[in-house]
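Presented below is the structure to which this report refers.
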Amino acid sequence: MSTPPAEPDVLFRMEREECLQLESSLTREWLETNGRGGYASGTVLACPTRRYHGLLVVTPAGMERRHVLVAGIDESLHGRSRSFPLSMLRYAGQWFPHGHQGIERFELAPWPRFVYHIGEAEVTRELMMVRGRDVTLVRYRIRGLAHTVELRAKPLLACREADKLTSANVDLNPRAERHGRGIACRPYGSLPAVAITTNASEWRFEADPVWYRGLEYQVDLARGYDGHEDQFSPGVLHIAMPPDTDVVLAIAAGGHVSDPLALWNEESARRRARARAVAPGAFGTLELAADAFLYEAPALGGGTRTGVMAGYPWFGEWGRDTCIALPGLLLARASDQPAQVERCGAALESIAQYLRDGLLPNIFGRTIETSHYGSADASLWFARAVRLYELAGGSRERVLDALLPALRSIAHAYRDGTRLGLRCDAEGLLLAGSASQNATWMDAVTSAGPVTPRHGYAVELCALWYQLLGVLEMLEHRAGSNALARPWQELRRSCGRAFLRRFWLDEQRYLADVVRDEPPHGAWTDTSVRPNMVIAAALELSPLSRGKRTDIVKRAEAELVTPCGLRTLAPKNPAYRGRYGGTSDERDLAYHQGTVWPWLLGFHVEAALRAYGPRPERVAALRGLLDSALEPLFRQGLGQISEVCDGDPPHRPDGCIAQAWSVAELLRAHALLDATGVAPRGAAGAAR
């Protein structure tokens with residue numbers, strides 16, 4: 001069984017018995033990132049189960065999308081007329097080769113480490129991505145032998161967009177050229193060359209171009225997608241492995257690595273220092289997880305900016321996710337890393353450059369023209385992030401000179417009317433969306449249309465709008481512009497009165513989710529119990545009294561709160577779906593109809609603290625809830641928090657194996673509880 005490891009650098013360990021339980025171990029996935037938006041990912045048995053798995057998945061220069069350049073390596077050891085595979089692949093329901101049969105354990109150390117016992121020998125295979133470079137390193141070491149063995153490594157190239165599949169074709173260039181201590185191949189002219197370099201003193205390359213046909217991806221098939229593809233190998237690297245000697249392969253996009261072993265030593269030292277800088281336990285692991293999402297993105301006008309990858313393996317940079325996640329990823333960790341505050345400020349300033357008609361992108365592109373503007377609330381979440389940056393001690397000059405003008409442009413556009421059906425009514429309440437368009441975060445759509453129609457007055461949008469008006473009012477006063485503050489104050493007060501009148505359900509004691517005026521039938525109110533009311537109750541500036549916040553928290557605890565997050569719909573509702581899975585349509589039908597989202601737990605903790613204050617018994621209960629939410633750290637994405645979980649127990653994690661706002665909001669909630677001054681009882685979090 002998986003056990004807390006004794007070595008301080010090892011975050012997680014699975015022993016042989018558990019590794020060989022294929023149904024479980026093939027759902028546990030590791031993730032490596034490079035701070036440039038690229039990644040490497042796979043399972044604890046090194047067997048790919050998704051099209052997204054690969055050793056080098058990067059965005060080539062000048063392109064918008066990530067590409068799987070190197071999907072894997074078919075590895076085997078040879079010596080004294082015997083051979084042993086390390087690899088594991090699946091073809092049409094069959095496994096071949098069977099490298100998993102020799103596995104002894106898997107570890108995060110804190111990068112992936114695979115340990116095999118082959119006869120009297122112990123073979124270690126480790127890999128990591130290099131921060132700031134499109135390079136993956138794989139290190140091999142063999143112990144327990146007195147003689148040299150040969151590693152045969154066959155690179156498996158996909159060279160395709162990460163969400164697509166490839167088939168054997170005649171357009172591919174099969175040539176691989178020797179270059180220094182390695183080879184380079186460029187299967188397609190539109191993509192960069194792949195270079196593979198070794199530090200081994202004895203090696204040779206045998207050209208043997210071949211297609212691996214019919215590789216099968218179980219998870220893709222289970223999700224209702226095509227799950228078969230062909231991958232190309234240019235040949236075999238024959239590498240001599242003396243006992244107790246490190247052999248490193250450097251797999252790079254666009255150029256060779258001159259000294260793979262030196263680069264391994266440099267990067268591993270940096271990674272160990274980073275791991276030892278965080279506190280032991282689950283929240284330390286969560287801090288390390290946060291680093292995976294922050295990356296250097298291309299900035300408008302040249303240079304780079306700090307961006308947030310919404311999730312791995314398939315999300316890119318999303319506006320809503322970025323603005324929700326930045327406070328947790330940066331501000332919540334600022335006590336240990338003060339520079340994170342201004343890194344957050346700089347990120348917000350660069351995001352503001354993408355404003356168009358008061359909107360921020362739902363999906364960021366490299367330019368405004370290639371960005372997708374389909375989110376009604378990204379700008380509102382941006383305003384909240386600005387306020388949290390200011391409260392964290394952010395630069396007054398940046399707030400007033402760079403961010404306040406952006407908030408003004410957002411508020412003017414929303415007030416006067418802009419795209420996505422956004423406009424204010426006569427009372428100052430915010431309308432958004434249409435019957436055919438979901439503009440809030442509950443945006444799942446099937447062929448039948450939006451699954452969770454929320455056009456009209458959506459409760460969290462109206463609450464965020466009220467907060468924006470309050471922030472503008474305060475900042476205009478701070479800038480010495482009392483005359484500019486007054487209209488925002490009047491609009492905020494009117495909006496607040498309308499909010500309470502339209503959303504507060506006095507008999508039920510919670511907030512409606514959506515209110516809609518639909519002539520000629522009049523007003524319609526959706527009284528479904530959803531977590532959007534918790535967001536409203538958590539915001540600093542709100543028309544809700546403390547008593548109303550308390551009632552909302554009680555309702556959420558009774559019907560929505562689970563050990564790993566909040567349900568998107570109460571189980572009592574006939575539309576509730578307790579399991580997230582199946583085909584794309586089946587998953588979309590459950591996505592916001594009962595599925596649990598971990599990121600909402602941060603808002604529940606904040607709302608509970610605003611409702612009850614720092615009462616020791618309440619703080620202890622909230623800490624316990626956060627501890628339970630960290631239990632899935634090693635159930636799907638290892639060392640990460642997944643995108644969603646089933647609404648029904650045991651709340652199986654699913655969706656993206658690593659989600660930025662899931663990690664960020666749990667970190668922010670932890671920081672909020674620490675700020676109460678109420679010490680935890682014993683060690684916080686689960687053991688690594």
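The values are calculated or read from the model by the stated rules, or taken from the named source; none is laboratory data. Source: prediction; values computed, not measured. We place every Cβ from the backbone using ideal geometry, glycine too, and count neighbours over all the protein chains shown.
Of the residues making up segment 478-491, not a single one is within 23 Å of Ser409 (Cβ to Cβ), at pLDDT 95 or above and touching a strand residue (DSSP E or B) at 6+ places or on another chain (Cβ under 6 Å).
Listed here are the residues, each with its yes/no results for (1) of a type in the set (A, V, I, L, M); (2) at pLDDT below 95; (3) assigned by TED's automatic domain parsing to the domain that holds Asp654.
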| residue | (1), (2), (3) |
| --- | --- |
| Gly302 | no, yes, yes |
| Ala310 | yes, no, yes |
| Gly345 | no, no, yes |
| Asp357 | no, no, yes |
| Gly365 | no, yes, yes |
| Asp377 | no, no, yes |
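Of the helices (runs of 4 or more DSSP H) entirely within segment 567-657, those holding at least 2 residues that are surrounded by fewer than 17 Cβ atoms within 10 Å (Cβ to Cβ) occupy 584-591, 616-629.
Looking across segment 545-566 at every residue that is out of contact with any strand residue (DSSP E or B) (no Cβ under 8 Å at 6 or more places or on another chain) and more than 18 Å from Pro650 (Cα to Cα), the one that is surrounded by the most Cβ atoms within 10 Å (Cβ to Cβ) is identified as Val553. Candidates Arg160, Arg152, Arg141, Arg131: the one that is farther than 24 Å from Ser87 by Cβ and surrounded by 15 or more Cβ atoms within 10 Å (Cβ to Cβ) is Arg131.
Filtered by the rule that a residue be outside any loop (DSSP other than H, G, I, E, B), farther than 21 Å from Pro260 by Cα and touching a residue at least 60 places away in the same chain (Cβ under 8 Å), segment 183-212 gives a lone residue, Tyr212.
Note on segment 242-251: among residues that are surrounded by fewer than 22 Cβ atoms within 10 Å (Cβ to Cβ) and not acidic (Asp, Glu), the one that is nearest to Thr148 (Cα to Cα) is Pro242. Any residue that is surrounded by fewer than 22 Cβ atoms within 10 Å (Cβ to Cβ), closer than 26 Å to Tyr389 by Cα and touching a strand residue (DSSP E or B) at 6+ places or on another chain (Cβ under 9 Å) - is there at least one of those in segment 443-455? No, that holds for no residue. Considering only residues in segment 163-186 that are crowded, with 19+ Cβ neighbours inside 10 Å and small (Gly, Ala, Ser), the one that is nearest to the chain's Cα centre (by Cα) turns out to be Ala184. Which of the residues that make up segment 298-319 are of a type in the set (A, V, I, L, M) and crowded, with 22+ Cβ neighbours inside 10 Å? Correct list: Val308, Met309, Ala310. Considered as a group, the residues in segment 10-57 that are small (Gly, Ala, Ser) and out of contact with any Leu (no Cβ under 6 Å at 6 or more places or on another chain) include one that is surrounded by the most Cβ atoms within 10 Å (Cβ to Cβ), and that residue is Gly54.
To keep it simple, each residue is scored yes or no on (1) in the same structural domain as Val123 (by TED's automatic domain parsing); (2) at pLDDT below 95; (3) farther than 27 Å from Val149 by Cβ.
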| position | (1), (2), (3) |
| --- | --- |
| Arg178 | yes, yes, no |
| Ser190 | yes, no, yes |
| Trp203 | yes, no, no |
| Trp211 | yes, no, yes |
| Val236 | yes, no, no |
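In the set (1) closer than 20 Å to Arg579 by Cβ; (2) modelled with pLDDT under 95, Leu633 fails one condition alone, (1).
Sub-8 Å Cβ pairs linking a first residue in segment 149-171 that is of a type in the set (Gly, Ala, Ser) to a second residue that is assigned to a strand (DSSP E or B) and at pLDDT below 95, at least 6 apart or interchain, number zero. Scanning segment 187-210 for residues that are surrounded by 17 or more Cβ atoms within 10 Å (Cβ to Cβ) and in contact with a Ser or Thr (Cβ under 9 Å, 6 or more places away or on another chain) yields Thr197, Ala200.
Taken over segment 144-169, the residue count meeting the criterion of being over 27 Å from Leu221 (Cα atoms) and not in a strand (DSSP E or B) is 5.
The number of residues in segment 333-358 that are touching a residue at least 60 places away in the same chain (Cβ under 8 Å) and outside any helix (DSSP H, G or I) comes to 3.
The single condition from (1) of a type outside the set (Val, Ile, Thr); (2) under 26 Å from Arg272 (Cβ atoms); (3) over 29 Å from the mean Cα position of the chain (by Cα); (4) not in a strand (DSSP E or B) that Glu122 fails is (4).
Which of the residues belonging to segment 376-426 are among the small types (Gly, Ala, Ser) and under 14 Å from Trp465 (Cα atoms)?
Across segment 376-426, the qualifying residues are Ala376, Ala378, Ser379, Ala383, Ala385, Ser409, Ala411, Ala413, Gly417.
Restricting the search to helices (runs of 4 or more DSSP H) fully inside segment 217-332 and requiring at least 2 residues that are closer than 30 Å to Ala121 by Cα and touching a strand residue (DSSP E or B) at 6+ places or on another chain (Cβ under 7 Å) gives 260-277.
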